[in-house]
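The values are calculated or read from the model by the stated rules, or taken from the named source; none is laboratory data. Bear in mind the structure is a predicted one, so any value in this text is a computation, not a measurement. For neighbour counting, all protein chains shown are included, and Cβ atoms are generated from backbone atoms with ideal geometry for every residue, glycine included.
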Amino acid sequence: MFTESKNLKRVVSVSAAALCLLSSLRIAPVNEIESIAADTTLSAFEITEEMTIGWNLGNTLDATISDKNGVPVENPGLATETSWGCPKATQELFDAIKAKGFNTVRVPTTWFQHLDENDNIDPEWMARVKEVVDYGIKNDMYIILNVHHENWINRTDLVDAYDDIKPRLLKIWSQVSEEFKDYDQHLIFECMNEPRAVGKDWEWWWNEPVAESEVINKLEHDFVDLIRSGDGPYAKTRLLMLPGYCASHELVFTEAIDVPDDPYVAVSIHAYSPYNFTMNTGKDGQHDTFTSQFNTELETILTNMRNTFIDKNIPVVIGEMGASDFGNTEARCAWATTYITTAKKYGIPCVLWDNNQILSSDPLVAAKQDKGELHGYIDRNTYEWYPESEKVVDTMMSIINDDSIEWGCEGHLPELKHQALSDGTLFLGGPIEIDAAKADTYQNTTPGGDGEVSWSQLENKEVAIKFTGATPVLCFSDTGYGNWTEINAYTVDSENGIAYYLMSSVPDAWGEDPASIAHMQAKTLKVTNVEGIYILNEPEGEIDTPKPTSKIYKISIKDVDRAKSLDATIEGAAGTKISGCVGYVTGEDWNQIEWTGAVGTDGKIVITTPLADIPASVERVEFQIWSNFDAVDMTSYEFTDGSTEPSSEDVSTGNGDANCDNDVNMADAVLIMQYLSNPDIYGVGKADGITEKGLENADVYGNDGVTNADALAIQEYRLALIEKLPVPAGVEV
């Protein structure tokens, strides 16, 4: 399963629970499974269209057994299947999945505990995997079989481990492909699962390409070559799924995938997105409402998949996706509506992650559960769907079965007619090589000294960069190279190596009068050879541009006394929860001071940021509003001595969120009582304990430290016996 970083740099850039239509079952006799054959050979895109929507048999064949020190035990046999708490898979389970409307089952499978010293697969384990695969094949379903949770792939030294990984990876797949060689196109092979550098800072996310991507590319080319060299009747036409680094949806990783020149490969992506809605239990997590910001962020993520792959005739399968159950069924249904509708229009099948985990009815047990991992949809003992999660699944099925939404109808970008480079204005000639590794000497950008530009040259135009290598970003700055602003290409002609940048998006990104723009430069995140930068007329045709995901206000702090604070007043509807940051650049690094809050009863909230927290060399900051940005506005700002009191509803010290999951409920009261009664287990620094921030949040009564009165106040607040938190001293609870 994919976990996104909790500290990502922000880049500028109706519940519909309906009953699903039950699919009929076509059961093949057991003795026909090994000889099953399709009447016709499907293309890769025809396969992904027939897959429609899928379900993951999570925490089952991918489970492992370790000793008390976390070391995998040797030769655990078939016991691994139930070692993580899920019952054995059955034909009845697959029948229930098919009856609900799913046409694909992904079978995550871990192999390393079932290998001998020569990497031969235990015949008993292979037979069990085959038995489970056959459960789906009997139902005429598509089955994705992979290599999952392999500690010899997901390792700290991945960047240097190609020669070590290749023999074992190919040995496993040579045995699997031989075992299943007579299975038709209903069986899909997925090379790896979330390959990554475990323990590195960039294990889950980084702001530039990582060298491990090259290792993954080489291994996947080897995998494709191996499968295609097989002697089975479907060796050349079996769909093969290839993930990029950690199977991430982030452009920095997907653009690094070297897709083999093969008509039957698909990119495999995991997207529990937007992370702050679907899984994040930290301070940035927000789950009550699927906000317009979340909606835009999700649409942007899926659009990037379309633009990067589908539009270039490369299929995509979202092998894992889901939204943990935070008791927010209506919001999850709204999330599912956007997710499945957009993916269906682009022609991307989605496979729902299910680990059979639900919130315990015991409050003490529930208080210890990871709320971001509650991805249970069907009870695997009874084959009944969990009531609240079933509403989410039914929402998905209602969209899949809605004939008014045509599969793949928006799989290609609108056709645009760009002005020829030769008919435009050459702004900067090349070739010029720029290299991200040479940022210290400013050789990661094209020269700026001779590249003066005025807004009058750019307004109502587009800029084109002819290039080879990594796709560049386009940068703008003022006469002193201040207010550095970057925009990404809105479309790229990969065949001819031309990236296009729409100038109508510049003013919002610039954040002030664009007349102050004086320099325009290309920048690379890797290595790029810029052959020329051109100013062109706007293209003819419908332009599909990304929607904003935040509001940004640029504020000069040059010559402001750093003993003061920046007080930004935000106005909107009372109770609106918001978050954002005050961001700034130092050298090549983006830094941000994050904040969260809620609009007060007076329709305002003041966000105070001490300027002492910002380096003296910084002359301009960005005040960004992230969540619910379309419902509020920053109406004014001033520099004060820092004494401004926050709104009474500001999400800050004393708000009651003891477990820091961005929600105030009974679990917070339980954690406070656990902390007070047994600090050796629930104290600060303990595995199940409260955090320092949690202690600040927990002191909601009297500002006298954390006591049982705080737990009582939270309970009374949830029961609407008191109006708000914190509760001033002297008020009886």
**Prompt:** What number of residues in region 538-570 are over 17 Å from Q624 (Cβ atoms) and in a strand (DSSP E or B)?
**Reply:** 2
**Asked** Does I535 fit the bill of being in contact with a strand residue (DSSP E or B) (Cβ under 8 Å, 6 or more places away or on another chain), surrounded by fewer than 20 Cβ atoms within 10 Å (Cβ to Cβ), outside any loop (DSSP other than H, G, I, E, B) and among the aliphatic types (A, V, I, L, M)?
**Response** yes
**Message:** Being within 13 Å of T254 (Cβ to Cβ) and modelled with pLDDT of 95 or more is the filter here; which residues of region 307-316 pass it?
**Reply:** F309, I310, I314, V316
**Complete:** Of those in region 366-384 that are within 26 Å of the chain's Cα centre (by Cα) and not in a helix (DSSP H, G or I), the residue farthest from L352 (Cα to Cα) is Q369
**Request:** Could you please let me know if A161 is under 30 Å from I53 (Cα atoms), surrounded by fewer than 21 Cβ atoms within 10 Å (Cβ to Cβ), of a type in the set (G, A, S) and not assigned by TED's automatic domain parsing to the domain that holds L525?
**Result:** no
**Asked** For V506, all conditions in the list (1) under 24 Å from S556 (Cβ atoms); (2) in a strand (DSSP E or B) hold save one; what is the number of the exception?
**Response** (2)
**Item:** Residues of region 398-434 satisfying the condition of being touching a helix residue (DSSP H, G or I) at 6+ places or on another chain (Cβ under 7 Å), assigned to a loop (DSSP other than H, G, I, E, B), of a type outside the set (F, W, Y) and farther than 19 Å from D493 by Cα
**Value:** I405, G408, C409
**Complete:** How many residues of region 415-441 are β-branched (V, I, T), under 34 Å from the mean Cα position of the chain (by Cα) and more than 12 Å from A522 (Cβ to Cβ)? The answer is 1
**Request:** Considering every residue within region 545-553, establish whether at least one is surrounded by fewer than 18 Cβ atoms within 10 Å (Cβ to Cβ), over 30 Å from F467 (Cβ atoms) and within 27 Å of the chain's Cα centre (by Cα).
**Result:** yes
**Request:** Please report, ordered by residue number, the strands (runs of 3 or more DSSP E) entirely within region 579-629 with at least 3 residues that are under 26 Å from L298 (Cβ atoms), at pLDDT below 90 and not assigned by TED's automatic domain parsing to the domain that holds W484.
**Result:** 589-598
**Prompt:** Residues in region 485-500 that are assigned to a loop (DSSP other than H, G, I, E, B) and either polar (S, T, N, Q) or surrounded by fewer than 16 Cβ atoms within 10 Å (Cβ to Cβ) (or both): how many?
**Reply:** 5
**Message:** Looking at region 252-272 only, could you name the residues that are more than 18 Å from E190 (Cβ to Cβ) and either at pLDDT 95 or above or of a type in the set (F, W, Y) (or both)?
**Reply:** D261
**Fill in**
Within region 339-372, of all residues that are at pLDDT below 95 and among the acidic types (D, E), the one farthest from Q715 (Cα to Cα) is D370
**Asked** Of (1) over 28 Å from the mean Cα position of the chain (by Cα); (2) among the acidic types (D, E); (3) farther than 29 Å from I555 by Cβ, D394 satisfies all except one. Which?
**Response** (1)
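Among the candidates F326, F309, F290, which residue alone is in contact with a strand residue (DSSP E or B) (Cβ under 8 Å, 6 or more places away or on another chain) and of a type in the set (F, W, Y)?
Matching residue, one of F326, F309, F290: F309.
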**Asked** Right, W125: assigned by TED's automatic domain parsing to the domain that holds R238, buried (at least 18 other Cβ atoms within 10 Å of the Cβ) and in contact with a strand residue (DSSP E or B) (Cβ under 8 Å, 6 or more places away or on another chain) or not?
**Response** no
**Asked** Here are some conditions: (1) of a type in the set (G, A, S); (2) surrounded by fewer than 21 Cβ atoms within 10 Å (Cβ to Cβ); (3) within 30 Å of W407 (Cα to Cα). S66 meets all but one. Which one does it not meet?
**Response** (3)
**Request:** Give me a count of the residues in region 96-118 that are surrounded by fewer than 17 Cβ atoms within 10 Å (Cβ to Cβ) and charged (D, E, K, R).
**Result:** 2
**Message:** Name the single residue that is surrounded by the fewest Cβ atoms within 10 Å (Cβ to Cβ) among those in region 672-724 being touching a strand residue (DSSP E or B) at 6+ places or on another chain (Cβ under 9 Å) and outside any helix (DSSP H, G or I).
**Reply:** T707
**helices (runs of 4 or more DSSP H) (entirely within region 202-290) containing at least 1 residues that are closer than 27 Å to T471 by Cβ, in the same structural domain as S324 (by TED's automatic domain parsing) and over 25 Å from the mean Cα position of the chain (by Cα)** = 212-228
**Request:** Quickly run through region 571-600 and pick out the residues that are among the aromatic types (F, W, Y) and closer than 21 Å to D630 by Cβ.
**Result:** W595
**Request:** Would you check which residues across region 128-158 are among the acidic types (D, E) and either crowded, with 20+ Cβ neighbours inside 10 Å or assigned to a helix (DSSP H, G or I) (or both) and list them?
**Result:** E131, D134, E150
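Would you say A489 is under 27 Å from the mean Cα position of the chain (by Cα), modelled with pLDDT of 90 or more and not assigned by TED's automatic domain parsing to the domain that holds F309?
On the way: under 27 Å from the mean Cα position of the chain (by Cα): yes; modelled with pLDDT of 90 or more: yes; not assigned by TED's automatic domain parsing to the domain that holds F309: yes.
Yes.
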**Prompt:** Would you call L474 of a type in the set (A, V, I, L, M), outside any helix (DSSP H, G or I), under 20 Å from S505 (Cβ atoms) and modelled with pLDDT under 90?
**Reply:** no
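Please pick out the residue among W385, W407 that is touching a strand residue (DSSP E or B) at 6+ places or on another chain (Cβ under 8 Å), surrounded by 15 or more Cβ atoms within 10 Å (Cβ to Cβ), more than 30 Å from G511 (Cβ to Cβ) and of a type outside the set (D, E, K, R). Write out each step before concluding.
On the way: W407 fails: touching a strand residue (DSSP E or B) at 6+ places or on another chain (Cβ under 8 Å).
Step by step, each of W385, W407 is checked, and only W385 is touching a strand residue (DSSP E or B) at 6+ places or on another chain (Cβ under 8 Å), surrounded by 15 or more Cβ atoms within 10 Å (Cβ to Cβ), more than 30 Å from G511 (Cβ to Cβ) and of a type outside the set (D, E, K, R).
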